[in-house]
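First up is the structure itself, then whatever we jot down about it.
The values are calculated or read from the model by the stated rules, or taken from the named source; none is laboratory data. Keep in mind it's a predicted model, so treat the numbers as computed, not measured. Don't worry about glycine lacking a Cβ; one is built from the backbone with ideal geometry, like all the others, and counts go over all protein chains shown.
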Ligand SMILES: [Zn+2]
């Protein structure tokens with residue numbers, strides 16, 4: 001596994017069984033981590049029906065981590081019924097730091113990214129135009145262009161904290 005791609009589910013506060021098919025790890029609104037149906041290793045070589053389909057055009061080698069939230073999100077003034085919570089976001093960053101360490105993944109824009117960033121870099125894929133993650137409800141002042149680097153800084157912080 002050489003990459004981590006972060007998502008939101010566009011669903012409710014806890015994972016559904018369908019969502020568990022799509023991601024390797026899901027974090028609920030209380031910050032609890034749920035394992036998906038497939039292990040990350042299932043995406044090392046993607047066989048039909050045997051891997052987590054989280055990122056169109058980018059599933060191979062990619063660990064999919066998703067926050068259970070954001071159903072009916074429209075924009076910062078209309079965030080839907082289940083905005084990402086602070087505890088959920090922090091738990092997600094902590095999990096990504098552990099995954100980066102366990103799989104020896106560098107916390108760089110090439111290796112740790114949002115689904116939105118992947119789509120922007122790969123306009124030929126079905127991931128183009130995905131909006132997860134363009135907005136962070138606990139940090140509403142961060143622009144959509146800056147969410148990815150904000151996330152990487154947070155993950156690096158947790159990585160450093162775990163070494164103490
Ligand atoms: Zn996504």
- Item | Test for residue 125: is it surrounded by 20 or more Cβ atoms within 10 Å (Cβ to Cβ), within 16 Å of the ligand (Cβ to nearest atom) and over 18 Å from residue 28 (Cα atoms) | no
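Among the residues in the stretch 97-111, are any closer than 20 Å to residue 17 by Cα and either within 16 Å of the ligand (Cβ to nearest atom) or at pLDDT 95 or above (or both)?
No, the stretch 97-111 contains no residue that is closer than 20 Å to residue 17 by Cα and either within 16 Å of the ligand (Cβ to nearest atom) or at pLDDT 95 or above (or both).
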- Task: Considering every residue within the stretch 74-82, establish whether at least one is crowded, with 21+ Cβ neighbours inside 10 Å and within 16 Å of the ligand (Cβ to nearest atom).
- Result: yes
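Condition check: in contact with a helix residue (DSSP H, G or I) (Cβ under 9 Å, 6 or more places away or on another chain), closer than 13 Å to residue 7 by Cα and surrounded by fewer than 16 Cβ atoms within 10 Å (Cβ to Cβ). Does residue 56 satisfy that? Before you say what the answer is, go through the steps one by one.
On the way: in contact with a helix residue (DSSP H, G or I) (Cβ under 9 Å, 6 or more places away or on another chain): yes; closer than 13 Å to residue 7 by Cα: yes; surrounded by fewer than 16 Cβ atoms within 10 Å (Cβ to Cβ): yes.
In short, yes.
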- Search result, residues across the stretch 1-26 that are more than 21 Å from residue 74 (Cα to Cα), within 15 Å of the ligand (Cβ to nearest atom) and in contact with a helix residue (DSSP H, G or I) (Cβ under 7 Å, 6 or more places away or on another chain): 4, 5, 24, 25, 26
- Query: Considering 135, 150, which residue is under 20 Å from residue 28 (Cα atoms) and within 15 Å of the chain's Cα centre (by Cα)?
  - Reply: 135
- Message: Against the definition (in a loop (DSSP other than H, G, I, E, B), surrounded by fewer than 17 Cβ atoms within 10 Å (Cβ to Cβ) and within 16 Å of the ligand (Cβ to nearest atom)), how does residue 139 come out, yes or no?
- Response: no
- Exclusive hit being more than 15 Å from the chain's Cα centre (by Cα) and closer than 22 Å to residue 71 by Cβ, set 126, 92: 126
- Which one of the conditions (1) under 13 Å from the mean Cα position of the chain (by Cα); (2) surrounded by fewer than 21 Cβ atoms within 10 Å (Cβ to Cβ) does residue 26 fail to meet, given that it meets all the rest? (2)
